[in-house]
1. Within region 127-146, take every residue that is aromatic (F, W, Y) and in contact with a Pro (Cβ under 9 Å, 6 or more places away or on another chain) and give me the one that is surrounded by the fewest Cβ atoms within 10 Å (Cβ to Cβ).
2. If you check A208, A240, A216, A212, which single one turns out to be buried (at least 20 other Cβ atoms within 10 Å of the Cβ) and within 23 Å of Y49 (Cα to Cα)?
3. Assuming S74 fulfils every condition listed in (1) outside any loop (DSSP other than H, G, I, E, B); (2) hydroxyl-bearing (S, T, Y); (3) over 23 Å from the mean Cα position of the chain (by Cα) apart from one, which condition is it?
4. Any chance you could count how many residues in region 200-223 are more than 14 Å from P309 (Cβ to Cβ) and in a helix (DSSP H, G or I)?
5. When the residues of region 29-38 are filtered to those that are out of contact with any Cys (no Cβ under 9 Å at 6 or more places or on another chain) and in a helix (DSSP H, G or I), which remaining residue is nearest to E220 (Cα to Cα)?
6. Let me spell it out: the conditions are (1) under 30 Å from A383 (Cα atoms); (2) at pLDDT 95 or above; (3) hydrophobic (A, V, I, L, M, F, W, C); (4) surrounded by fewer than 20 Cβ atoms within 10 Å (Cβ to Cβ), and F248 meets all of them except one. Which number is the exception?
7. Only one residue in F98, F80, F113 is among the aromatic types (F, W, Y) and either touching a Pro at 6+ places or on another chain (Cβ under 7 Å) or surrounded by fewer than 16 Cβ atoms within 10 Å (Cβ to Cβ) (or both). Which one?
Amino acid sequence: MLAILMIIFLGNVMFISFDRTNKNTSDENIDRSKYAGSATCAGCHKDIYESHIKTAHYLDSRPAAQEFIKGDFSPGKNKFVYNQWIEVRLEKKKNTFFQTAYINGVETESEPFDIVIGSGRKGQTYLYWNDNKLFQLPVSYYTPLNTWCNSPGYPTTYVRFNRMIPAECLECHGTYAKVEENENNEPVYDKTQIIFGIDCERCHGPAADHVAFHKAHPEEKTAKNIIIIKELTRQQKLDACALCHSGFRKPIQPRFSFITGDTLDEYSTTRYNPDSTSTLDVHGNQYGLLTSSKCFKMSNLDCSSCHDPHVNEANNSKIFSSRCIACHKETKHTSFASMSRKFQLNNNCIDCHMPMLPSQAITLTIDNSKNNVPDMVRTHRIAVYPEITKKILEKLK
């Protein structure tokens, strides 16, 4: 059995505790009616839309359904065992999936899968509704080992269902949510005003006015009332990604009030020292690692230089390497000239210069083992890693 001591995913699945000194309410948010829904984009941008809905961003959160839940519910594989007395079984009752806790074989609590967080590329965690509050279920799924595992933030020795979900979680795993805080500073959501997944409007801004204008003026070919990414400054582009890819941030403004094109530091501040790369973990702070790189400092590189958010390019080293070569046409691996010709090293720049490194923040623990297994995450600090390169070349031989 596998237990997660902290956070198990990329990116995708990051939950943090409330900062009680800062309100998470969306009282100042843009009204939900300003959002058109990404499906409306398909009318004019069919190819981009159909490609984007296959990406991990778009699939990062969804209402729970059988086709979206990655774990195995078959007998013998549908349980997570804490110890000889306590286990959670993953069960299907009629048309709904549940996580049910058993202590000494007696059912103590059972809650449904209501929301799936994570595309499943690296893993998933699951939420359930209690009235208008959201809570995390105790068992998650870890893709690399194809197994159920303990959810981040929960104990590994006993079962709990009480981890409340703050607005910052949905801000990075969704496009929009209407959320306020009650008298106990607890987040209360409007279930009817949630837009799941990182969809078109998360980056291009609320599009209701854009859609209305172009329906009324079909002859107009210049995009109106929409954020055009290529017209943004480098820092504006970076800020749009850094909202969720620069580690935990301390909020200044209400959640979901930041819109692409805004200055991120006016909405939240970093919780790390950006001048010290030694403090940056490979999980969760791709922005900090990238901006510490020589490649970044000596060019106009931004996230979109390498990543096309409209296309699922995960794990395609050849495509990413081609973008390295676009700027490094004259690069020659003189020390490995014959090796380079034989194995076409230019088809895989990233394993040497952006290798998979162990996270110090994410540790996996296997039952009955004293060995901790770190999650391996690709670093975004572009550099020379001699020891890693040496190991790769040895394998190629």
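1. Selected residue: W129.
2. Residue meeting the stated conditions: A240.
3. Only one criterion in (1) outside any loop (DSSP other than H, G, I, E, B); (2) hydroxyl-bearing (S, T, Y); (3) over 23 Å from the mean Cα position of the chain (by Cα) is unmet by S74, namely (1).
4. Residues flagged as more than 14 Å from P309 (Cβ to Cβ) and in a helix (DSSP H, G or I) within region 200-223 amount to 9.
5. Ranking the candidates gives K34 first.
6. (2)
7. On the way: F80 fails: either touching a Pro at 6+ places or on another chain (Cβ under 7 Å) or surrounded by fewer than 16 Cβ atoms within 10 Å (Cβ to Cβ) (or both); F113 fails: either touching a Pro at 6+ places or on another chain (Cβ under 7 Å) or surrounded by fewer than 16 Cβ atoms within 10 Å (Cβ to Cβ) (or both).
After ruling out the rest, the residue left standing is F98.
Matching residues to (1) aliphatic (A, V, I, L, M); (2) part of a helix (DSSP H, G or I); (3) surrounded by fewer than 18 Cβ atoms within 10 Å (Cβ to Cβ):
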{"position": "N225", "(1), (2), (3)": "no, no, yes"}
{"position": "C244", "(1), (2), (3)": "no, yes, no"}
{"position": "R255", "(1), (2), (3)": "no, no, no"}
{"position": "N300", "(1), (2), (3)": "no, no, yes"}
{"position": "H307", "(1), (2), (3)": "no, no, yes"}
{"position": "E313", "(1), (2), (3)": "no, no, yes"}
{"position": "I319", "(1), (2), (3)": "yes, yes, yes"}
{"position": "C324", "(1), (2), (3)": "no, yes, no"}
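The values are calculated or read from the model by the stated rules, or taken from the named source; none is laboratory data. Just so we're clear, the structure is a prediction, and the values are computed from it rather than from any experiment. Here the Cβ is made from the backbone with ideal geometry for all residues, glycine too, and neighbour counts use every protein chain on show.
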